[in-house]
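Taking it in order: structure first as structure tokens, then the write-up.
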Amino acid sequence: MTTDRRLGAETNPSPATDVVDGPARELAEALTALGHYLAAANHVLLEGTKPETAEALREVLTRSVAQHERAVDAARKLRKR
């Protein structure tokens, strides 16, 4: 198959790219989720301190911690490469 140089070369990611892209993508997704959960926690906190609000805040913070752990694991995988 020929490639029109004006359009750029055909790209097929190398295995080395996949090795870095996987953990980098995982890290970005975990950090994005963490940011969303923390924003939600802030929103819940601003609503007040009713028992159902406290339970919602606990759930959001639990999910935040899980995403933090996911991000840390992805960062460790990147360091090993």
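The values are calculated or read from the model by the stated rules, or taken from the named source; none is laboratory data. Owing to the predicted nature of the structure, the values given are computational and were not obtained by experimental measurement. Virtual Cβ from ideal backbone geometry, glycine too; neighbours counted across all protein chains shown.
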Any pair with Cβ under 8 angstrom, 6 or more apart, that starts in the range 35-61 at a residue that is closer than 16 Å to A71 by Cβ and ends at one that is among the charged types (D, E, K, R) and crowded, with 16+ Cβ neighbours inside 10 Å: Y37/R63
Selection count, the range 34-47, where residues are more than 24 Å from V72 (Cβ to Cβ) and surrounded by fewer than 15 Cβ atoms within 10 Å (Cβ to Cβ): 3
Extreme residue, surrounded by the most Cβ atoms within 10 Å (Cβ to Cβ), among residues of the range 48-81 that are modelled with pLDDT under 80 and part of a helix (DSSP H, G or I): R79
